[in-house]
């Protein structure tokens with residue numbers, strides 16, 4: 001019964017709430033691969049995927065960006081941080097339009113942790129364009 005309810009909910013979410021928002025940004029921080037670029041794709045309203053590559057490696061994450069947060073989001077993923085290794089992290093951030101609805105500033109901050117218990121602050125800042 002619970003499985004069918006979840007299946008119905010997911011199918012409604014994916015069939016009635018297509019977003020197909022995409023963005024490309026350049027910036028600095030783990031999700032931009034150090035100094036590099038990042039691509040964000042939101043196939044469903046409120047959910048997105050972000051990948052980045054730059055001079056210090058690659059990164060990937062899943063973003064939760066509900067409409068009621070007015071540009072805010074929470075994201076979790078894997079990125080190079082701390083001691084130079086790839087570690088899971090959690091960040092919160094925001095997106096602000098710069099003059100038009102397509103050009104934006106994106107900034108976030110949070111924490112990365114290692115399996116050994118060490119942790120490091122992480123942050124990203126980027127300027128991009130949505131399409």
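The values are calculated or read from the model by the stated rules, or taken from the named source; none is laboratory data. Just so we're clear, the structure is a prediction, and the values are computed from it rather than from any experiment. Glycine also receives a Cβ, built like all others from the backbone with ideal geometry; neighbour counts cover every protein chain displayed.
Look through 38, 25, 42 and report the one residue that is in contact with a helix residue (DSSP H, G or I) (Cβ under 6 Å, 6 or more places away or on another chain), under 18 Å from residue 103 (Cα atoms) and assigned to a strand (DSSP E or B).
38
Pick from the range 55-73 the residues that are more than 13 Å from the chain's Cα centre (by Cα) and free of Cβ contacts under 8 Å to residues at least 24 places away in the same chain: which of them is nearest to residue 88 (Cα to Cα)?
55
Kindly indicate whether residue 52 is touching a helix residue (DSSP H, G or I) at 6+ places or on another chain (Cβ under 7 Å), under 24 Å from residue 96 (Cβ atoms), at pLDDT 50 or above and part of a strand (DSSP E or B).
Against the criterion (touching a helix residue (DSSP H, G or I) at 6+ places or on another chain (Cβ under 7 Å), under 24 Å from residue 96 (Cβ atoms), at pLDDT 50 or above and part of a strand (DSSP E or B)), residue 52 qualifies.
Filter the range 73-87 down to the residues that are more than 19 Å from residue 22 (Cβ to Cβ) and either part of a loop (DSSP other than H, G, I, E, B) or touching a strand residue (DSSP E or B) at 6+ places or on another chain (Cβ under 6 Å) (or both) and list them by number.
Of everything in the range 73-87, those that are more than 19 Å from residue 22 (Cβ to Cβ) and either part of a loop (DSSP other than H, G, I, E, B) or touching a strand residue (DSSP E or B) at 6+ places or on another chain (Cβ under 6 Å) (or both) turn out to be 74, 76, 78, 79, 80, 81, 82, 83, 84, 86, 87.
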